[in-house]
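The values are calculated or read from the model by the stated rules, or taken from the named source; none is laboratory data. Just so it is clear, the model here is predicted, and its values are computed rather than measured. All Cβ positions, even for glycine, are placed from backbone atoms using ideal geometry, and neighbour counts span all protein chains on display. Protein only, heavy atoms only, side chains kept; ligands, DNA and RNA dropped before computing areas. Shrake-Rupley method; radii C 1.70, N 1.55, O 1.52, S 1.80 Å.
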Amino acid sequence: MTAARHTFDVARPLREALQRQGLWSPHQTAARRWPIGCISLEVTQRCNLDCTLCYLSEHSEAMRDVPLVELFRRIDMIFERYGAGTDIQISGGDPTLRDANELEQIVAYIAARNMRSSLFTNGILASRELLRRLAQAGLCDVAFHVDMTQQRKGYADEKALHALRREYIERARGLGLSVFFNTSIFDGNLQDVPMLARFFNEHSDVVQLTSFQMQAHTGRGVLGARPQDLTQERMMRLLEQGSGTSLNWDALIGGHPSCNRYATALVLRSGAASRAHDLFKDGEFIARVMRETAHVRVERGRPWLAAWTWVNAVLARPRLLMPGLAWLLALLWRVRADWAGLAQARKISFFIHNFMDAQNLEADRLEACVFMAAAADGLMPMCEYNAKRDDYLLKPLTLSDGSQWQPLIAPEREHAHEQGARSALVRSDAQGLARYPIKYLKGRSRQAAMRERLALKAKP
């Protein structure tokens with residue numbers, strides 16, 4: 001299947017929203033280079049970690065995996081709305097807990113519609129063999145989420161987690177996948193941001209993008225509101241400190257600047273040393289190239305092919321030749337001290353994601369959202385979906401064959417043997433509570449159940 005045959009401008013709603021808010025500038029990529037940034041497709045709610053900043057339902061472990069037929073319907077819904085080239089995040093929970101054959105089918109279904117898929121995983125079960133299978137099925141990117149909010153046993157701090165990051169990098173090396181890393185930032189690792197930036201710069205031969213997601217008050221997890229000193233501005237300065245260079249965060253804008261900030265560095269490596277340089281320093285030229293090559297598709301998993309695509313795009317547009325030559329000469333002059341590293345030049349992008357608190361959603365940011373979730377009822381802003389997650393996830397579904405699908409495991413039938421201190425009351429639907437094993441709970445619900453369990457044990 002090729003591009004959807006739209007009878008309307010798919011980017012128009014987002015473009016008009018940006019215009020209403022005064023965000024439609026020459027630097028705006030949303031609704032110009034793409035009609036939507038990305039869409040999250042949650043293929044499971046289950047996860048093998050219990051993060052302190054988790055956005056999942058507190059009883060996500062008691063939820064069944066959405067049937068394949070329903071996931072295919074949602075993929076079709078995305079395709080009909082946005083067409084070929086759309087980026088879909090295969091997420092969860094952790095999607096690798098889903099049957100590998102089913103996961104492969106999901107990737108292939110997306111690829112058959114000429115859309116891009118990214119696997120978002122904590123990496124625990126993302127073996128090299130699984131990644132190879134998914135890459136062969138059409139997977140484009142893999143995004144590993146590693147940080148101290150995950151409470152992984154045996155890792156005392158972010159520096160210790162570098163060993164795990166290196167392991168994941170090697171798993172993905174040479175598979176033709178773009179490799180991303182996601183890092184949740186909170187009070188406990190804010191001071192580590194420069195060190196993290198240095199690490200990702202040093203591994204930019206494989207890592208192409210790293211996303212730093214600022215703490216948000218989801219109403220779940222065990223951490224609440226972010227500290228006052230955790231701001232976009234401070235994040236930008238810390239990433240620059242770690243990169244050893246200033247970065248232009250205004251060259252390209254993706255949607256609402258209060259939600260997303262973006263910069264790119266050129267990393268030149270000579271021997272064991274590497275140095276980063278701002279690739280977007282001439283923001284006006286970068287924005288011009290973005291506008292005039294809006295329909296050029298770049299293969300992210302092949303850096304040199306991507307670079308050649310950009311060169312050809314500029315050469316095909318004579319009006320960009322002289323400005324492009326001037327930009328290149330200026331860049332070479334700025335990096336003249338590191339010319340020895342040009343043969344091993346790499347590009348790495350930094351994203352700062354500022355998710356909204358569940359109880360403090362802002363209408364203008366929702367209207368200009370470029371990160372959507374594919375729910376049963378349709379596509380919606382991710383922050384809105386997270387704020388009301390249970391309202392969407394706990395409703396029974398009517399599948400395409402007319403059958404009813406219940407999202408929750410029925411504890412009274414399947415876990416009647418687990419009683420008292422080994423289980424806890426949690427909300428099971430819009431009307432009431434049910435008793436589930438503690439192992440099925442997350443975040444605050446799990447902590448409360450554990451306290452109840454200890455109290456029961458302490459009784460004579």
Worksheet item: Is it fair to say Leu366 is surrounded by fewer than 19 Cβ atoms within 10 Å (Cβ to Cβ), among the aliphatic types (A, V, I, L, M) and modelled with pLDDT of 95 or more?
Response: yes
Practice prompt. Examine region 19-33 for a residue that is closer than 20 Å to Ala375 by Cβ, at pLDDT below 95, surrounded by fewer than 22 Cβ atoms within 10 Å (Cβ to Cβ) and of a type outside the set (A, V, I, L, M), and state whether such a residue exists.
Written response: no
Worksheet item: Do you know which of the residues in region 222-237 that are touching a Phe, Trp or Tyr at 6+ places or on another chain (Cβ under 9 Å) and open to solvent by 20 Å² or more (accessible area, probe 1.4 Å) is farthest from Leu332 (Cα to Cα)?
Response: Leu223
Discussion item. Among the residues in region 261-277, are any within 22 Å of Gln19 (Cβ to Cβ) and modelled with pLDDT of 85 or more?
Written reply: yes
Worksheet item: Taking region 50-80 as the region of interest, how many residues are at pLDDT 95 or above and crowded, with 18+ Cβ neighbours inside 10 Å?
Response: 7
Worksheet item: Condition test on Trp310, is it under 26 Å from Thr210 (Cβ atoms), open to solvent by less than 70 Å² (accessible area, probe 1.4 Å), assigned to a helix (DSSP H, G or I) and not acidic (Asp, Glu)?
Response: no
Worksheet entry | Number of positions in region 149-165 that are under 20 Å from Asn201 (Cβ atoms) and surrounded by 12 or more Cβ atoms within 10 Å (Cβ to Cβ) | 8
Practice prompt. Please work out if Gly176 is modelled with pLDDT under 95 and part of a loop (DSSP other than H, G, I, E, B).
Written response: yes
Discussion item. Among the residues that make up region 92-113, is at least one of them modelled with pLDDT of 95 or more, surrounded by fewer than 16 Cβ atoms within 10 Å (Cβ to Cβ) and basic (Lys, Arg)?
Written reply: no
Discussion item. Can you confirm whether Leu320 is in contact with a helix residue (DSSP H, G or I) (Cβ under 9 Å, 6 or more places away or on another chain), open to solvent by 60 Å² or more (accessible area, probe 1.4 Å), of a type in the set (A, V, I, L, M) and under 23 Å from Arg32 (Cβ atoms)?
Written reply: no
Item to complete: Return the total of residues in region 327-336 being free of Cβ contacts under 8 Å to residues at least 40 places away in the same chain and surrounded by 11 or more Cβ atoms within 10 Å (Cβ to Cβ).
Response: 2
Worksheet entry | Tally of residues being over 23 Å from Arg226 (Cα atoms) and at pLDDT 95 or above across region 379-404 | 2
Worksheet item: Do you know which residues across region 123-148 are assigned to a loop (DSSP other than H, G, I, E, B), open to solvent by 10 Å² or more (accessible area, probe 1.4 Å) and over 24 Å from Thr86 (Cβ atoms)?
Response: Ile124, Leu125, Ser127
Worksheet item: small (Gly, Ala, Ser), under 27 Å from Phe371 (Cβ atoms), in contact (Cβ under 8 Å) with a residue 24 or more places away in the chain and in contact with a Lys or Arg (Cβ under 9 Å, 6 or more places away or on another chain), is that true of Gly242?
Response: yes
Practice prompt. State which residue is nearest to Asp229 (Cα to Cα) when the search covers only region 191-213 and only residues that are among the hydrophobic types (A, V, I, L, M, F, W, C) and open to solvent by 10 Å² or more (accessible area, probe 1.4 Å).
Written response: Met195
Worksheet item: Are there any pairs with C-beta distances below 8 angstrom linking a residue in region 261-283 that is among the polar types (S, T, N, Q) to a residue that is open to solvent by 50 Å² or more (accessible area, probe 1.4 Å), with the two at least 6 apart or on different chains, and if so which?
Response: Thr264/Lys347; Ser270/Ala340; Ser270/Gln344; Ser274/Glu202
Discussion item. Exactly one condition in (1) assigned to a loop (DSSP other than H, G, I, E, B); (2) loosely packed, with under 15 Cβ neighbours inside 10 Å is false for Leu342; which is it?
Written reply: (1)
Practice prompt. Quick one: which residue in Gly242, Gly219, Gly254 is at pLDDT 85 or above, open to solvent by less than 40 Å² (accessible area, probe 1.4 Å), of a type in the set (Gly, Ala, Ser) and farther than 28 Å from Arg173 by Cα?
Written response: Gly254
Item to complete: Select from region 261-280 the residues that are part of a loop (DSSP other than H, G, I, E, B) and in contact with a Phe, Trp or Tyr (Cβ under 9 Å, 6 or more places away or on another chain) and list them in ascending order.
Response: Phe280
